[in-house]
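S.K.: Let me begin by handing over the structure; questions about it come next.
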Amino acid sequence: MTVNPLILATSITIDSVVLGKQKSFSAFSLMSIASVFHVVALSIGLVLGEKLIHLIGHFDHWVAFTVFGLLGTSCIKAFLVPEQMETSETQSWLKVLLITLVLSFDAAAVGATSKGIIADPFTVIASVAILSPLFVLLGKGLRRFLHNRNEQFLKLFEGCLFWSIGIGIVVSHISGGF
């Protein structure tokens, strides 16, 4: 049994939409960071295989849940208390790198656990390198669309998105998925 490389790459990179909502950084820099982090993480997972799962498999989902939970709470707080909105924006490279690193955890886990069902690893890696920036652009477009209609709704949407990603990661790991 083999897996479709585009479906696998999409499942790894779709969370890059979250990076696209960052308005303090250029699209090019966010696209580059997302692509590099996802490709490197997937490659590490493919090379290390099950060894990586034994190293980080017990806690990576809880780290992701915590980071996304805090980000989601911050966004929902900005929705509920509008004057706090400007202070809640991610404006430091450290925060963007942390978000990207956490988004990349699953790419490493998928690479480690899917090694045996990936017929052509290069195709998956190339697809990840291409799709990750595209999802960042999609996130930028969604941010513009929602911001033009209602900036407070955008904050609520972002908070819910962060929480759903965090919860989805935990549920996936607990139920035996990637």
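S.K.: Here are the criteria: (1) surrounded by fewer than 18 Cβ atoms within 10 Å (Cβ to Cβ); (2) at pLDDT below 80; (3) of a type in the set (Phe, Trp, Tyr). Tell me which single one PHE105 does not satisfy.
M.R.: Every listed condition holds for PHE105 apart from (1).
S.K.: Looking only at region 17-36, which residues are more than 19 Å from THR123 (Cα to Cα) and of a type in the set (Gly, Ala, Ser)?
M.R.: Hits for region 17-36 are GLY20, SER24, SER26, ALA27, SER29.
S.K.: With the structure loaded, tell me whether THR100 is farther than 23 Å from ALA27 by Cα, at pLDDT 80 or above and assigned to a helix (DSSP H, G or I) or whether it fails that test.
M.R.: So THR100 fails the test.
S.K.: Among the residues of region 16-43, which ones are within 12 Å of LEU103 (Cβ to Cβ), touching a Gly at 6+ places or on another chain (Cβ under 9 Å) and open to solvent by 20 Å² or more (accessible area, probe 1.4 Å)?
M.R.: Across region 16-43, the qualifying residue is only VAL17.
S.K.: Restricting the first residue to region 133-147 and requiring it to be open to solvent by less than 30 Å² (accessible area, probe 1.4 Å), which pairs with a second residue that is of a type in the set (Phe, Trp, Tyr) meet a Cβ separation below 9 Å and a spacing of at least six or different chains?
M.R.: PRO133/PHE28; LEU146/PHE153; LEU146/PHE157
S.K.: A follow-up question, please. Just checking, which of VAL124, VAL128, VAL110 is open to solvent by less than 50 Å² (accessible area, probe 1.4 Å), at pLDDT below 80 and under 25 Å from LEU6 (Cα atoms)?
M.R.: Of VAL124, VAL128, VAL110, the one residue that is open to solvent by less than 50 Å² (accessible area, probe 1.4 Å), at pLDDT below 80 and under 25 Å from LEU6 (Cα atoms) is VAL110.
S.K.: Picking from LYS95, LYS77, which residue would you name as being open to solvent by 80 Å² or more (accessible area, probe 1.4 Å), in contact with a helix residue (DSSP H, G or I) (Cβ under 8 Å, 6 or more places away or on another chain), at pLDDT below 80 and farther than 16 Å from VAL47 by Cβ?
M.R.: After ruling out the rest, the residue left standing is LYS77.
S.K.: I'd like the residue in region 1-44 that is under 29 Å from ALA119 (Cα atoms) and without any contact (Cβ under 8 Å) to a residue 24 or more places away in the chain and, out of all such residues, is nearest to the chain's Cα centre (by Cα).
M.R.: VAL36
The values are calculated or read from the model by the stated rules, or taken from the named source; none is laboratory data. All figures in this text were calculated on a predicted structure; none of them were measured in a lab. FYI the Cβ positions are ideal-geometry reconstructions off the backbone, even for glycines, and counts take in every protein chain you see. Remember, those area values only see protein heavy atoms, side chains included, never the ligands or the DNA or RNA. Shrake-Rupley method; radii C 1.70, N 1.55, O 1.52, S 1.80 Å.
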